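The values are calculated or read from the model by the stated rules, or taken from the named source; none is laboratory data. Since we're looking at a predicted model, the values are computed, not measured. Quick reminder, even Gly has a Cβ in these numbers, built from the backbone with ideal geometry, and neighbours come from all protein chains shown.
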Amino acid sequence: MSINDKLIIFDTTLRDGEQSPGASMTRDEKVRISRALERMRVDVIEAGFPIASPGDFEAVQAVARAVRESTVCGLARTLDGDIDRAGEALKPAASARIHTFIATSPVHMKKKLRMEPEQVLEQAVHAVKRAGRYTDDIEFSPEDAGRSEFDFLCRVIEAVIDAGATTVNLPATVGYNLPHQFGELIRRLIEHVPNSDKAIFSVHCHNDLGLAVGNSLSAVLNGARQVECTINGLGERAGNAALEEIIMTVQTRQDIFPCQTGLDATQIMTCSRLVSGITGFAVQPNKAIVGANAFAHESGIHQDGVLKSRETYEIMRAQDVGWTANRIVLGKHSGRNAFRSRLKELGIEYGSEEDLNDAFSRFKELADKKHEIFDEDIQALVTESGLESKDDWLKLVSLKVCSETGETPHASIMLWMDGTEKQAECSGSGPVDAAFRAIEELVNSGTELQLYSVNNITSGTDSQGEVTVRLQKGGRIVNGHGADTDIVIASAKSYINAINKIIKPESRAHPQMGDV
């Protein structure tokens with residue numbers, strides 16, 4: 001494909017997606033997601049914001065080592081320290097990009113930066129030139145471009161392209177623009193910036209008004225050739241443009257779009273489930289492309305039409321985005337090699353035999369409880385094993401719950417706490433409430449429960465339940481996850497996982513330092 005035919009997909013799930021409160025990911029989780037994105041053939045993977053914390057630096061570095069086919073990108077403000085840190089983190093990458101940004105709207109320059117326009121212009125040019133010390137693939141974003149003054153925006157873009165920027169990204173940072181306005185802005189910029197042909201124009205749209213995908217696609221129709229997006233539309237506030245919706249719209253409406261993505265859309269569901277499982281952000285059933293109801297038909301008229309001809313009510317095939325009925329044909333008598341082979345097919349790799357053995361033991365335990373084990377069960381099993389750390393100070397040893405009609409539910413729990421087993425008993429309004437109260441009787445975490453959510457991983461009464469809890473303490477928000485065929489046990493696991501994160505958190509700044 002030529003530069004005019006190719007639509008570059010820039011995934012920022014690991015950076016902007018992580019800015020959703022409670023969606024922080026560990027280094028290993030970021031590597032797992034990056035490998036899934038690479039299998040989808042995503043062009044650019046924004047791995048994080050290296051200056052934010054040692055943890056973010058290590059995560060970007062790990063992704064840079066793991067990914068060979070996609071370009072790995074690090075975000076940096078227009079500060080020397082940010083850019084140098086990003087350059088250092090990206091050294092192991094086969095293909096590296098530095099993405100630097102500074103706000104250009106009057107309200108941001110005056111209220112946030114407290115800088116004059118000429119100072120902003122000078123800083124932008126300086127940052128692009130400094131990034132050139134580390135890579136010739138440099139992206140510049142004028143933050144809040146959608147509310148910036150047009151003439152000043154043109155000056156900044158022309159200057160950064162002259163300084164070496166190869167991609168210019170226009171963010172709709174607050175989701176304020178309407179599609180026709182935003183598309184017109186991109187068209188005018190490409191027409192008015194004298195050297196616009198020397199860079200790829202990109203867009204990064206937020207979904208505050210539910211217009212992120214619409215704005216992004218309008219920009220593509222007006223000349224943009226890169227879209228920044230996230231799996232499942234994950235992101236701060238109302239999220240970002242959903243990668244799966246961008247890809248499938250362009251692929252489905254080739255009669256309208258003069259470009260193609262070149263991505264393997266059959267990997268969409270795998271990525272969607274992986275990100276949902278790791279972050280604990282469940283996908284709503286009626287979500288386009290990846291929702292459970294996206295290809296379901298209940299209306300008799302619709303069912304009749306689909307049975308006669310799929311095209312009557314389906315504009316794409318479920319198989320095209322990875323919706324299949326695949327199930328792992330393994331059971332409690334299956335061997336380690338068969339298990340390892342299926343993990344490889346799912347794109348799951350373990351760094352050590354010890355980790356593989358732990359996952360295999362968990363698989364055997366699950367096989368004793370379930371008659372059929374689906375790929376989703378394996379993904380959940382792997383995600384759960386990654387949630388537990390040898391450094392965790394709190395672990396579940398045993399849980400007994402009594403719940404019957406007319407009686408107050410009661411829970412008895414034993415926890416491993418810093419090398420010592422401790423037990424507590426509590427009553428509650430329900431079995432889960434009783435279990436949580438028993439945990440708090442021992443840990444006294446001082447946290448506030450903000451969310452309790454249960455989702456079935458597969459169908460059937462023997463399905464594993466996946467539980468997410470969100471805890472807040474002192475302004476810090478974390479998600480905890482747990483899975484089990486017993487919902488109460490899954491709930492206790494998720495609560496303990498969240499407490500481990502919030503009591504002894506990783507040393508990292510809040511990812512919202514990088515708001516583009």
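Find the residue count for the stretch 423-442, including only residues that are touching a residue at least 24 places away in the same chain (Cβ under 8 Å) and touching a Lys or Arg at 6+ places or on another chain (Cβ under 9 Å). Full working, then the answer.
Looking only at the stretch 423-442, we keep the residues that are touching a residue at least 24 places away in the same chain (Cβ under 8 Å), and these are 430-439, 442.
With touching a Lys or Arg at 6+ places or on another chain (Cβ under 9 Å) added as a condition, the list becomes 442.
Within the stretch 423-442, residues that are touching a residue at least 24 places away in the same chain (Cβ under 8 Å) and touching a Lys or Arg at 6+ places or on another chain (Cβ under 9 Å) number 1.
Residues that are assigned to a loop (DSSP other than H, G, I, E, B) and β-branched (V, I, T) were ranked within the stretch 260-292; the one that is farthest from D484 (Cα to Cα) is T261. For the stretch 129-153, the set of residues classified as surrounded by fewer than 24 Cβ atoms within 10 Å (Cβ to Cβ) and aliphatic (A, V, I, L, M) consists of L153 only.
For the stretch 214-225, give me each residue that is surrounded by fewer than 24 Cβ atoms within 10 Å (Cβ to Cβ) and not hydrophobic (A, V, I, L, M, F, W, C). Residues satisfying the conditions are G214, N222, G223, R225.
When the residues of the stretch 244-259 are narrowed to those that are assigned to a helix (DSSP H, G or I) and over 15 Å from E228 (Cβ atoms), which ends up nearest to the chain's Cα centre (by Cα)? Walk me through how you get there before you give the answer.
As a first pass, look at the stretch 244-259 and keep what is assigned to a helix (DSSP H, G or I): 244-252.
Adding the requirement that they be over 15 Å from E228 (Cβ atoms) leaves 248-249, 251-252.
Details: M248: 18, T249: 20, Q251: 22, T252: 24 Å.
Result: M248.
What number of residues in the stretch 134-163 are over 19 Å from A86 (Cα atoms) and of a type in the set (G, A, S)?
Step one: of the stretch 134-163, the residues over 19 Å from A86 (Cα atoms) are 144-159, 161-162.
Still in the list and also of a type in the set (G, A, S): 145-146, 148, 159.
Selection size over the stretch 134-163: 4.
Residues in the stretch 65-95 that are buried (at least 24 other Cβ atoms within 10 Å of the Cβ) and of a type in the set (D, E): 1 in all. Residues in the stretch 394-408 that are modelled with pLDDT of 95 or more and not hydrophobic (A, V, I, L, M, F, W, C): S398, K400, T408.
Given the stretch 351-463, what helices (runs of 4 or more DSSP H) lie entirely inside it while holding 1 or more residues that are of a type outside the set (A, V, I, L, M), outside the structural domain of P21 (by TED's automatic domain parsing) and farther than 23 Å from T270 by Cα?
On the way: elements: 353-369, 375-387, 431-443.
Once the helices (runs of 4 or more DSSP H) in the stretch 351-463 are filtered for at least 1 residues that are of a type outside the set (A, V, I, L, M), outside the structural domain of P21 (by TED's automatic domain parsing) and farther than 23 Å from T270 by Cα, what remains is 353-369, 431-443.
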